[in-house]
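These notes concern the structure reproduced below.
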Amino acid sequence: MKGVIDMSKVEKSKGVFDKISGLIEQARRRVATTINQEMVILYWNIGKTIKKEVIKSDRAKYGKQILLSLSEELTQRYGKGFTEQSLWHMIKFYETYPILSAMQRELQGLSWTHIKSIIYLKDELKRKFYATLCIKEHWSTRTLQGRINSMLYERTALSKLPAKTIEMQLKELKEEDKITPELVFRDPYVLDFLELSDTYSEKDLESAILNALEKFILELGKDFYFVARQKRITVDNEDYYIDLLFYHRKLRCFVVIDLKLGKFKAEYKGQMELYLKYLEKYEMDEDENPPVGIILCTKKGKEQIELLFLPDSRIKVAEYLTRLPPKKLFVEKLHKAIRTAQLELKHKKVEK
C-alpha cells in the first residue's frame, strides 16, 4: 500500500547500520592503538638519538644549547609536540627504558601522557606497579597521577613484601589476571574527599562515605561493589549491624568494613570474627572464598595486632586519614612502615 512504511525493512536497515557502526568503531580503536604505539616508539627513538648524539656527560652545556635549537627547528617543520621540555621527556624515557623490547613489554597499551607520569618514578618496582595497574584498570592519566600523588603503591600491603615477591605478583596480575589481597588492601586509606569537620561520630563518617560512595570505592580499588549499609544479622535472638558490606569480584568474597573512631581495641577483633563467621555460614556460596574484614580506625596499636595474630588472619586493620598530613611527613611515615615490615619478614625467615 502506497505511503505505508514497511517496519521489517526499517528494522533490517537498523540492524545493518548497527553492525557497520560496530565495525567502524572497532577499526577506529585499532587505528588509535596503532598510532599510539608508533608515537611511543618514535619518542623513544628520538630520546635515544638525542641522548647518544647530543647529550653527553662531558658536553652537557653544549648539549642543552643544541637541544634548544633542535626544538625550534622541529617545531617549525612539524608543529607542536617538540618543545624543549618535550624533548627532555623523550630523553628521560630512553634513559628509564634503554631496552626497546623491555619498554614495549612493560608499557604496551599506555599513552604518551601516561608514560610521562611513570618515567619520573625512581623505583623500578613502583614503575611496574603503576604501569600494570594502569593497564589492567584502564586508568585515565588524571587517575594515574592522582594515585601517584596519594602514594598508592606505598599504601598497599604489596609494597611491604620482598622485591622478588612484588615482582612475581605483578607478573601474575599482568599475565594471568591473578589478583592477591596484598594488591587490594591498603593502609592507610585516604578519605580526605569526605570533608568532615574536626568532630564527627562513626555515624557521621558512615553517612559521609555513603554520600561520596563513588569516591570511596575508587579509594578502595577496582572490583569493589557496594552491597549494604548497616546490614542486620541476628545471632541468638540478638541483632548486630555491619557498618558497610562490599563484594570484591576478583577475590570472590564479601568484604566487611567496620568503622571505628580512635585507636584500635582488642574487642574489635571478636566483633569482626562474628560478622565473618555469620557471612561464611549463611551468605557465602560454594564457589566463593571466605569473607574478609577491614577494621578502619584512626590509629592502630602494632603490638596488639601482633599479639592477636591479625597480620596472618582474614581481618585487616588499617588507619584512615580524613585529612592528608604534610607530604614530607606522609612520605616519611609510609617509607618507615615499608622498611619495618620488610625487616620483620627477614627476621621471620631467619627464625624459621
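The values are calculated or read from the model by the stated rules, or taken from the named source; none is laboratory data. The structure displayed is predicted, hence computed values, not measured ones. Note that we place each Cβ from the backbone using ideal geometry, even for glycine, and neighbour counts take in every protein chain shown.
Residues in segment 310-321: is at least one over 24 Å from E219 (Cα atoms), part of a helix (DSSP H, G or I) and in the same structural domain as F226 (by TED's automatic domain parsing)? Before the answer, list the steps.
Residues of segment 310-321 that are over 24 Å from E219 (Cα atoms), as a first pass: none.
There is no residue in segment 310-321 that is over 24 Å from E219 (Cα atoms), part of a helix (DSSP H, G or I) and in the same structural domain as F226 (by TED's automatic domain parsing).
Every residue in segment 46-83 that is at pLDDT below 75 and either assigned to a helix (DSSP H, G or I) or within 36 Å of the chain's Cα centre (by Cα) (or both), please. Write out each step before concluding.
Looking only at segment 46-83, we keep the residues that are at pLDDT below 75, and these are 55-63.
Across segment 46-83, the qualifying residues are I55, S57, D58, R59, A60, K61, Y62, G63.
Answer with yes or no whether E288 is in the same structural domain as K222 (by TED's automatic domain parsing), surrounded by fewer than 19 Cβ atoms within 10 Å (Cβ to Cβ) and either at pLDDT below 85 or assigned to a loop (DSSP other than H, G, I, E, B) (or both).
Values: in the same structural domain as K222 (by TED's automatic domain parsing): yes; surrounded by fewer than 19 Cβ atoms within 10 Å (Cβ to Cβ): yes; either at pLDDT below 85 or assigned to a loop (DSSP other than H, G, I, E, B) (or both): yes.
When the stated conditions are applied, E288 passes them.
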Out of segment 309-330, which residues are within 20 Å of L259 (Cα to Cα) and acidic (D, E)?
-> E319
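Hey, could you check segment 155-171 for residues that are among the basic types (K, R) and touching a residue at least 40 places away in the same chain (Cβ under 8 Å) and say which is surrounded by the fewest Cβ atoms within 10 Å (Cβ to Cβ)? Spell out how you get there, then give the answer.
The first filter runs over segment 155-171 and keeps only residues among the basic types (K, R), leaving 155, 160, 164, 171.
Then keep just the ones that are touching a residue at least 40 places away in the same chain (Cβ under 8 Å); that gives 155, 160.
On the way: R155: 24, K160: 21.
Restricting to residues being among the basic types (K, R) and touching a residue at least 40 places away in the same chain (Cβ under 8 Å), the top hit is K160.
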Matching option when the condition is assigned to a helix (DSSP H, G or I), exposed (fewer than 15 other Cβ atoms within 10 Å of the Cβ) and within 21 Å of the chain's Cα centre (by Cα), among K277, K281, K215, K203 = K215
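For the condition aromatic (F, W, Y), modelled with pLDDT of 90 or more and either touching a strand residue (DSSP E or B) at 6+ places or on another chain (Cβ under 8 Å) or closer than 30 Å to L144 by Cβ (or both), what is the one hit in F254, F193? Talk me through it step by step, then tell me what you get.
On the way: F193 fails: modelled with pLDDT of 90 or more.
Of F254, F193, the one residue that is aromatic (F, W, Y), modelled with pLDDT of 90 or more and either touching a strand residue (DSSP E or B) at 6+ places or on another chain (Cβ under 8 Å) or closer than 30 Å to L144 by Cβ (or both) is F254.
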Residue among I179, I242 that alone is assigned by TED's automatic domain parsing to the domain that holds L274, buried (at least 17 other Cβ atoms within 10 Å of the Cβ) and touching a helix residue (DSSP H, G or I) at 6+ places or on another chain (Cβ under 8 Å) = I242
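To keep it simple, each residue is scored yes or no on (1) farther than 22 Å from L107 by Cα; (2) touching a residue at least 60 places away in the same chain (Cβ under 8 Å); (3) part of a helix (DSSP H, G or I).
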{"position": "A131", "(1), (2), (3)": "no, no, yes"}
{"position": "G146", "(1), (2), (3)": "no, no, yes"}
{"position": "Y153", "(1), (2), (3)": "no, no, yes"}
{"position": "K178", "(1), (2), (3)": "no, no, no"}
{"position": "F193", "(1), (2), (3)": "yes, no, yes"}
{"position": "I233", "(1), (2), (3)": "yes, no, no"}
Restricting attention to segment 20-40, does a residue exist that is more than 28 Å from L173 (Cα to Cα) and modelled with pLDDT of 85 or more?
-> no
Can you give me the number of residues within segment 84-98 that are part of a helix (DSSP H, G or I) and loosely packed, with under 14 Cβ neighbours inside 10 Å?
-> 2
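Could you please find all residues in segment 99-122 being touching a helix residue (DSSP H, G or I) at 6+ places or on another chain (Cβ under 8 Å) and not in a helix (DSSP H, G or I)? Reasoning before the result, please.
Narrowing segment 99-122 to residues touching a helix residue (DSSP H, G or I) at 6+ places or on another chain (Cβ under 8 Å): 100, 103-104, 106-121.
Once the filter is applied, which keeps residues that are touching a helix residue (DSSP H, G or I) at 6+ places or on another chain (Cβ under 8 Å) and not in a helix (DSSP H, G or I), segment 99-122 yields Q108, G109, L110, S111, I119, Y120, L121.
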